[in-house]
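Structure, as structure tokens:
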Amino acid sequence: MRLKFLFLFIFLFFITGCTVEKLDVNNYDVLIDKILLRDNKVKNSVGLGYSYYIPKGLSVVDKDENNILFRDKYNNIYYFYADIISYYHKASNTYKESNSAYYSRKIENNNRKLNGYVEINQENDKYFVEAVYNYVKIEVYTSKNSLNDVLVNICEILSSIQYNNKVLSTTIGENILDYKEESFNIFTTKKSTTDYLDYIERYDSGSSKRKSDSESYFDEEVIDVETFEE
């Protein structure tokens, strides 16, 4: 009898998988539910009024206030933008799911009172990913072969975002950094890589002097979460 239970356990272990990376490449809903919607308390980096987690294998290749570029093992570039203005003003999620997109999902996490969307559009022989969650947007232009890994990385980063309201109230509320109302709507998709590629080109044109400053996150470093509590 014990032997039967052992075989049953081994069978269930292999069919369910032991890590999120083993998820079916086409089952994006499951991937989002398992990774993005969880309460990820692990942090290893800080931004202007927020903390977040950079998954192992990603390198920071450029950073300018709330704009960050990451690179993965496939040489994909991730464009990260933290819209602290929209967070501060609690902008509404106006995203509407698209029937013409390769994948489109509006996200409502009632448990954590967070929202956003994930949209993937095919462009030429690659895929343009736009993901927004908790007022942070990540864009990646990638091949089909690495699309699943890219989504895992995106979801791990976005699930970890945590804001420090005291810092944001100081920087935005008292206009210390002279923030102005922005016309940019983080909940509006671009559906095209034009702006994304323009940003990457601007980075490449001045990257030679910054390559020595690239940071790699292959080892997990945990930041004290209590420092960033609301």
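None of the figures in this text is laboratory data; all of them are computed from the coordinates on show. These figures come from a predicted structure and were not determined experimentally. Heads up, the Cβs are rebuilt from the backbone with ideal geometry, glycines too, and the neighbour counts pull from every protein chain shown.
Assuming 0.36 nm per residue, please report the length gained on full extension of the stretch residue 30 to residue 112 beyond their Cα-Cα distance.
Gain on extension, residue 30 to residue 112, equals 27.7 nm.
Give a residue-ordered list of calculated ³J(HN,Hα) values for region 153-159 (Karplus: 6.51 cos²θ - 1.76 cosθ + 1.60, θ = phi - 60°; whole Hz; x for Gly, Pro).
4, 4, 5, 5, 5, 5, 5
Distance in nm between label sites at residue 143 and residue 38, each 7 Å beyond Cα in the beta-carbon direction?
2.9 nm
Name the shape class, rounded, prolate or oblate, that the alpha-carbon gyration tensor gives for region 34-144, where a ≥ b ≥ c are the square roots of its eigenvalues, rounded holds for a/c under 1.5, and otherwise prolate holds if a/b is larger than b/c and oblate otherwise.
oblate
Quick check on packing: order 65-76, 102-113 by the mean number of other C-beta atoms within 10 Å, highest mean leading.
Packing order, densest peptide first, comes out as 65-76, 102-113.
Between residue 124 and residue 96, what FRET efficiency follows from the Cβ-Cβ distance if R0 is 22 Å, with the result rounded to 0.05?
0.30
Pairs 166/190; 96/137; 43/63; 56/137; 63/113; 113/144: which are spaced more than 23 Å apart, C-alpha to C-alpha?
In this structure, 166/190; 63/113; 113/144 lie more than 23 Å apart at Cα.
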